[in-house]
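For reference, the structure is listed below as structure tokens.
The values are calculated or read from the model by the stated rules, or taken from the named source; none is laboratory data. Predicted model only: the values in this text are computed from it and were never measured. Here the Cβ is made from the backbone with ideal geometry for all residues, glycine too, and neighbour counts use every protein chain on show.
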Amino acid sequence: MQLFRIIMNNKSFYLLSYFIFISFSVFAQKDSVQLEEIVVTATRSERMLAALNMPVLLITQKQIQQIGALRLGQVLQEQTGLAIVNDHGQGIQMQGLAPEYTLILIDGEPLIGRTAGTLELSRLAVGNIKQIEIIKGATSSLYGSEALGGVINIITENPKQQKISFSSRYGTNQTSDFGLNASVQNKKWGGSIFMNRYGSLGYDFTPESFGKTVEPFSNYTFQSKIQYEFSPKIKLGISGRYFFENQESNFDVGNSQNPAFVTGKSSIKDFNFNPSVTWRISDKWKSYIRLYQSVYETKSKLNYISDNKEFDKTFFKQHFLRPELQTEYFISEKHILTLGIGNTWETVEATRYEGKKPFQTQYAYTQYEFLPTKKWNITFGSRFDNHTVYGSQLSPKASLQYDINKYIALRGSAGRGFKAPDFRQLYLNFTNNVAGYSVFGSEELPSLLQNLQAQNQIAEILLAPTEIGKLKAETSTSYNIGAKIKPSAKWTLNINLFRNELKNMIESQIVAIRTTGQSIFSYRNLNNIFTQGLETDMSFQLNQYIQIAGGYQFLEAKDREVLDKIEKGEIFKRDAHTFATTRVTKNEYGGLFGRSKHMFNFKILYENTQKGITANLRAVYRGKYGLGDRNGNLILDETNEYVVDYWTLHGTVSKDFWKKRLKGQVGVDNLLNYRDIQNILSLAGRLYWASIQWQIQKNTTK
């Protein structure tokens, strides 16, 4: 009931209620029909969404277009159980697990180029996306490392029709977006191309200071697909994607008495290439051969404005290459077997790494789907990974679904996920003399510490390299139990209880003190974390024109070691005013930073296909969450350590013209103009925008 009290005490609730009341008062009532959707991520092959026995969230192209989203983050932030995290870029938190534990794919292949574990969501345009499939819970049994918390697969359009479309959009902060999407197809081959340019002049919360909160930027996306059918049994597909971004940088590295202005530019390049062959050997046997190559590169150069001398110059370059063979064999209508084998080669070189660092992984996976009766759907899967640095991992998973009747289905899944230590945690060699610290990867620590000792630069060793040892892969055991309830074609309800138990979590730790007093950090396996909670979402087709939907997540995310210490009375806090010291209680412990206990979303959609009008109103509530430790005991336990709860409200209206060849759309993001300039810099205030799209399309059939 705490969520109810928060909502009722929030002024935004009354504004939201007003909009909902007006929306219901305007529209008429008729019946509707829904079609079943096809997804591929959960089993690596096409399956009906209703038949899947694990938590799957499907976001369709139509839904993306209706809200007028431009980038992936705008789509994900409105989904149940997903939270945007702005830490080293904009990442996604799923079931309380940090962005580094969610694998993000494009057409089934992994995106690379994470910054401190976060993959920047603004790199991904959504103009050519067919659908987004989200699998919650450990999925390493199919996808390996990084799928510890779940998988997000962005599936782009295939060239299955003759069409060409142009789109343009302009909004607050001189934000602009221009896109071209075209495809052609005949009996044997098809091709498509997508081009997008997105840019903004940024915004500034502190005009009295040098530099903007978000500096001007522009980025470009080019993506193409070619498909050729040699015969009804053999098909070739080739896809490629190129992303490029430029961003300005301006900031003051001095102080109020002695400012030191720095300016420069940074760039990001992201390239993917993916040829594949599909071979239908027989009616029962189908094989896929894939080759995926990706390159991610960043560069940055900063100079002092006063004399144009260099302040800093950095680069980062990552290569990824993976061949893979997958076979799907339909033993019978009740037995389906999937087998896969592959190898990855990965290298990284950067300003702060010594030389080029390589990784290599051999892997194999298997999945068995068993449908003993019309009511039962059972899946077993497992994957074995052998890594050159962290060794081998076995990741099993089992899931099942039981249809009680045509209205109710029960489902459950349990699986093991893992995440390999990354290049940063193993090989980083970085010293910040201005801030006064160094960070050494666990593999580099012994030799670098020995060299510093030989130079008499170490005053004290707090944690010897022998005590840290070899980093182990982080592992998670994931449990999901839920139900799908569909009383009628108009109403759908999903409920899911989840728990993730994370072990060998890798954290930074002070290992030594220099004679100058500067700290030296490295990485070690430490924490025993768990996240658990409830997710529920509902969709109701009120009539032919109106659909309402909503979702809620309750989350508890805590460190078991901290709970044990609190129980033993070993963690204290000091009052900032009275300086009195007291023991921290379990009720005061707020869990992991950056996690909201309550999150809620509500959507109302109006769609009149005859008149070509759509309108929607979407509300997103995020409960309070911990920002950082302020009283020095390194845990979340004080009121002033939280970011307060807040609502955001978004609305969009669109109209089709000229036989649906022309579409106009207007919208407002963050209608309530909520801002928190101290803690949430990504909320830029109320944003108005308008867009127009022109399309010519000719449907074709084979």
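Kindly indicate the residue of the stretch 286-308 that is among the small types (Gly, Ala, Ser) and assigned to a strand (DSSP E or B) and also surrounded by the fewest Cβ atoms within 10 Å (Cβ to Cβ) among those meeting that condition.
287
Sort out which residues of the stretch 83-96 are farther than 15 Å from residue 647 by Cα and either surrounded by fewer than 24 Cβ atoms within 10 Å (Cβ to Cβ) or in contact (Cβ under 8 Å) with a residue 40 or more places away in the chain (or both), and write them in order of number.
Listed by number, the residues that qualify are 85, 86, 87, 88, 89, 90, 92, 93, 94, 95, 96.
Any chance the stretch 124-139 includes a residue that's closer than 30 Å to residue 182 by Cα, of a type in the set (S, T, N, Q) and more than 11 Å from the chain's Cα centre (by Cα)?
Checked against the condition, which is being closer than 30 Å to residue 182 by Cα, of a type in the set (S, T, N, Q) and more than 11 Å from the chain's Cα centre (by Cα), the stretch 124-139 yields at least one hit.
Give the residues of the stretch 314-336 that are hydrophobic (A, V, I, L, M, F, W, C), over 24 Å from the mean Cα position of the chain (by Cα) and modelled with pLDDT of 95 or more, sorted by residue number.
Passing the criteria: only 325.
Quick check on my filter: what residues within the stretch 447-463 are touching a residue at least 40 places away in the same chain (Cβ under 8 Å) and out of contact with any helix residue (DSSP H, G or I) (no Cβ under 7 Å at 6 or more places or on another chain)?
Result: 452, 456, 457, 459, 460, 461, 462, 463.
I'm checking my understanding of the structure. Among residues of the stretch 354-379 that are of a type in the set (D, E, K, R) and part of a loop (DSSP other than H, G, I, E, B), which one is modelled with the highest pLDDT?
The qualifying residue modelled with the highest pLDDT is 375.
Does residue 243 count as surrounded by 16 or more Cβ atoms within 10 Å (Cβ to Cβ), out of contact with any Cys (no Cβ under 6 Å at 6 or more places or on another chain) and modelled with pLDDT of 95 or more?
yes
Kindly indicate which of 618, 622 is under 23 Å from residue 547 (Cβ atoms), surrounded by 18 or more Cβ atoms within 10 Å (Cβ to Cβ), at pLDDT 95 or above and of a type in the set (Lys, Arg).
Answer to the selection: 618.
Within the set of pairs 6+ apart or on separate chains, which have a first residue in the stretch 105-118 that is within 16 Å of residue 421 (Cβ to Cβ) and among the hydrophobic types (A, V, I, L, M, F, W, C), a second that is surrounded by fewer than 22 Cβ atoms within 10 Å (Cβ to Cβ) and modelled with pLDDT under 90, and C-beta atoms under 6 Å apart?
As it stands, the answer is 116/88, since those pairs meet every condition given.
Is it fair to say residue 459 is over 34 Å from the mean Cα position of the chain (by Cα) and either at pLDDT 85 or above or not in a helix (DSSP H, G or I) (or both)?
yes
Failed condition for residue 209, given (1) surrounded by fewer than 16 Cβ atoms within 10 Å (Cβ to Cβ); (2) outside any loop (DSSP other than H, G, I, E, B), with all others met?
Condition not satisfied by residue 209: (2).
Suppose we filter the stretch 522-548 for residues that are touching a residue at least 40 places away in the same chain (Cβ under 8 Å) and surrounded by 18 or more Cβ atoms within 10 Å (Cβ to Cβ); how many remain?
Result for the stretch 522-548: 16.
Kindly indicate the residue of the stretch 499-510 that is in contact (Cβ under 8 Å) with a residue 40 or more places away in the chain and of a type outside the set (A, V, I, L, M, F, W, C) and also surrounded by the most Cβ atoms within 10 Å (Cβ to Cβ) among those meeting that condition.
Only one residue fits best here, namely 500.
With the requirement that a residue be out of contact with any Asp or Glu (no Cβ under 8 Å at 6 or more places or on another chain) and outside any strand (DSSP E or B), what does the stretch 573-592 give you?
575, 576, 577, 578, 579, 580, 585, 587
Mind checking which residues of the stretch 399-431 are under 30 Å from residue 451 (Cα atoms) and of a type in the set (Val, Ile, Thr)?
431, the sole residue that qualifies.
Can you find a residue in the stretch 257-272 that is in contact with a strand residue (DSSP E or B) (Cβ under 8 Å, 6 or more places away or on another chain) and not in a strand (DSSP E or B)?
Within the stretch 257-272 (the criterion being in contact with a strand residue (DSSP E or B) (Cβ under 8 Å, 6 or more places away or on another chain) and not in a strand (DSSP E or B)), the answer is yes, since at least one residue qualifies.
Looking at (1) modelled with pLDDT of 90 or more; (2) hydroxyl-bearing (Ser, Thr, Tyr); (3) within 26 Å of the chain's Cα centre (by Cα), which is the one condition that is false for residue 390?
Condition not satisfied by residue 390: (1).
Could you say which residue among 117, 91, 127, 108 is touching a Phe, Trp or Tyr at 6+ places or on another chain (Cβ under 7 Å), among the small types (Gly, Ala, Ser) and closer than 25 Å to residue 273 by Cα?
127
As an exercise: evaluate residue 570 against (1) part of a loop (DSSP other than H, G, I, E, B); (2) charged (D, E, K, R); (3) within 28 Å of the chain's Cα centre (by Cα) and give the number of the one condition it does not meet.
That leaves (3) as the condition not met.
Could you list, in sequence order, all residues of the stretch 340-369 that are surrounded by 15 or more Cβ atoms within 10 Å (Cβ to Cβ) and more than 27 Å from the chain's Cα centre (by Cα)?
Within the stretch 340-369, 368, 369 qualify.
Which of the residues that make up the stretch 253-285 are surrounded by 15 or more Cβ atoms within 10 Å (Cβ to Cβ) and more than 31 Å from the chain's Cα centre (by Cα)?
Residues satisfying the conditions are 261, 262, 279, 280.
Which number in (1) in contact with a His (Cβ under 6 Å, 6 or more places away or on another chain); (2) surrounded by fewer than 20 Cβ atoms within 10 Å (Cβ to Cβ) marks the one condition that residue 388 misses?
Condition not satisfied by residue 388: (1).
Kindly indicate whether residue 202 is among the small types (Gly, Ala, Ser), at pLDDT 95 or above and either over 20 Å from residue 693 (Cβ atoms) or within 25 Å of the chain's Cα centre (by Cα) (or both).
Spelling it out, it is not the case that residue 202 is among the small types (Gly, Ala, Ser), at pLDDT 95 or above and either over 20 Å from residue 693 (Cβ atoms) or within 25 Å of the chain's Cα centre (by Cα) (or both).
Does the stretch 482-498 hold any residues that are crowded, with 18+ Cβ neighbours inside 10 Å and of a type in the set (Lys, Arg), and which are they?
484
Anything in the stretch 357-383 that is over 26 Å from residue 425 (Cβ atoms) and touching an Asp or Glu at 6+ places or on another chain (Cβ under 6 Å)? List them, or say none.
Correct list: 375, 379.
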